[in-house]
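Notes follow once the structure below has been shown.
All of the numbers you see were taken from the coordinates with simple rules; none came from a lab. What you see is a predicted model, and the numbers here were worked out from it, not measured in a lab. In this analysis, Cβ positions are derived from the backbone assuming ideal geometry, glycine residues included, and neighbour counts consider all displayed protein chains.
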Amino acid sequence: MNKIRNNRFAITISVILVAVFLVNLVLSRNYNLIMISLTGGGELVDLLGASRGDFSNELQLYRLVTYGYLHPTIWHLAANVYALWCVGLFIEKELSEILLFLIYNVGLIVSCFLFLLIFPNGYMYGASPAIFCFLGIMVMWLIKDRTLLIEYKRFRGNRYLLCYMIISNFLSLGTFVVHLTGFCTGLLIGLVVKRKKKYVN
């Protein structure tokens, strides 16, 4: 129960991600839902995903954020939901939910902007840029306070996050760019945003 109470942000975002995934399937029910779940696609991809044309032709700026709540495939959804849960186990003890929400979306916006600048024909969806932004913050905190390494080793999910950070960057060059952008954004935020102070009586 404590883990759920202390991980409310990750749970809230995860519920939204799962809901968007299910709505995409419902709206795409005239197609092969198994293939959509495994390989991607669906009606919401066109409505919420981000491409350069969505901004240069139609100024649909909301897509800078909405793409980060869209996961057309079940494996993509599962990987990011669990990564977000693992990150939340630590970072939600250190930052307020409002700040977490702002950081999540800043990571999405910065990564999307740079990705579409480098890859004009690219298409964006998925929460990983925001997750890498949180990971960047955690790394910057570790740089500033090496004693955190003990706590990082202790918290559940550290091995998964390490594998997530490494393996996911081999998917494509574009994926590596958005992850690196999110991570570097987190490093910069970590320079400014401080952890909650711990008071010892």
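Taking the Cα atoms of the chain, the ratio Rg/Rh between the radius of gyration and the Kirkwood radius comes to 0.98. A simple spin-label model places the labels of SER56 and ARG8 4.4 nm from each other, with each point 7 Å out along Cα-to-Cβ. Ordered by the number of other Cβ atoms lying within 10 Å of each residue's own Cβ, fewest first, ARG156, ARG146 fall into the sequence ARG146, ARG156. Using R0 = 35 Å, the C-beta based FRET efficiency linking LEU33 and LYS93 works out to 0.35. Each of THR12, THR39 has some number of other Cβ atoms within 10 Å of its Cβ, and from fewest to most they run THR39, THR12. Placing pseudo-labels 7 Å out from each Cα toward the beta carbon at LEU47 and THR147 gives an inter-label distance of 5.1 nm. Placing unit charges on each Cβ (+1 for Lys and Arg, -1 for Asp and Glu) gives the range 1-137 a dipole about its Cα centre, and among LEU84, PHE101, LEU61 the Cα reaching farthest toward its positive end belongs to LEU84.
Under a point-charge model restricted to the Cβ atoms of Lys and Arg (+1) and Asp and Glu (-1), what is the dipole moment magnitude of the chain relative to its Cα centre, in debye to the nearest 20? Present the calculation step by step, with values, prior to reporting the outcome.
Details: 18 positive and 9 negative charges, 224 e Å.
Approximately 1080 debye in magnitude.
First check a/c for the range 1-75, with a ≥ b ≥ c the square roots of the eigenvalues of its C-alpha gyration tensor; if it is under 1.5, answer rounded, and if not, answer prolate when a/b is larger than b/c or oblate otherwise. Each step should come with its number before you reach the end.
Details: a/c = 3.00, a/b = 1.30, b/c = 2.30.
Judged from the Cα gyration tensor, the range 1-75 comes out oblate (a/c at least 1.5, b/c at or above a/b).
When MET138, MET124 are arranged by Cβ crowding within 10 Å, least crowded first, meaning fewest neighbours, the order is MET138, MET124.
Here the mean projected area of the convex hull built on the C-alpha positions of the range 35-93 is 4.9 nm².
Only helices enter the 222 nm calculation for the chain: every DSSP H run of n ≥ 4 contributes -39,500 (n - 2.57), and dividing by all residues gives -21500 deg cm²/dmol, rounded to 500.
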